[in-house]
Amino acid sequence: MAPQMSEMKCRCGRNAMEWVSFIQKNSGRRFVRCANRVTPCRFWKWIDDPVSPLVPSAMDLNVKKSQRIVKFLGLVMAASLVVIFVFLRMCLRPL
């Protein structure tokens, strides 16, 4: 999820950015922090309550599924390139 601007102001006076945590302990929790990436003012705050212990495990499952899908797609791409290479070699073979 891409960060979004929050209505909350940080210590710099800017609108804080809203993020979602993906670390295992607080997976899925939303927080805001300073939007200034160069010299942030160290403003940081949770904006929701702790989630059920089931949410992080469900998110871990989704991450694992996503990793398997990416790995599978990489294998499909590699296999496709091999097929294309073999096909081109057969087509370009001198008669």
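FYI, it's all coordinate maths here, none of it is from the lab. Here the structure is a predicted model, which is why all the values come from computation and not from measurement.
If you take the square roots of the eigenvalues of the alpha-carbon gyration tensor of segment 1-51 and sort them as a ≥ b ≥ c, do you get rounded (a/c under 1.5), prolate (a/b over b/c) or oblate? Let's see the in-between values first.
Details: a/c = 2.04, a/b = 1.88, b/c = 1.09.
Judged from the Cα gyration tensor, segment 1-51 comes out prolate (a/c at least 1.5, a/b above b/c).
On a full-extension model of 0.36 nm per residue, what is the gain between residue 90 and residue 48, subtracting their alpha-carbon distance, rounded to one decimal in nm?
Numbers: separation 42, 0.36 × 42 = 15.12 nm, distance 6.07 nm.
Taking residue 90 through residue 48 to full extension adds about 9.0 nm, to one decimal.
Using 0.36 nm per residue, how much length does the chain from residue 76 to residue 20 gain when fully extended, once their Cα-Cα distance is taken away? Present the calculation step by step, with values, prior to reporting the outcome.
Details: separation 56, 0.36 × 56 = 20.16 nm, distance 3.15 nm.
Taking residue 76 through residue 20 to full extension adds about 17.0 nm, to one decimal.
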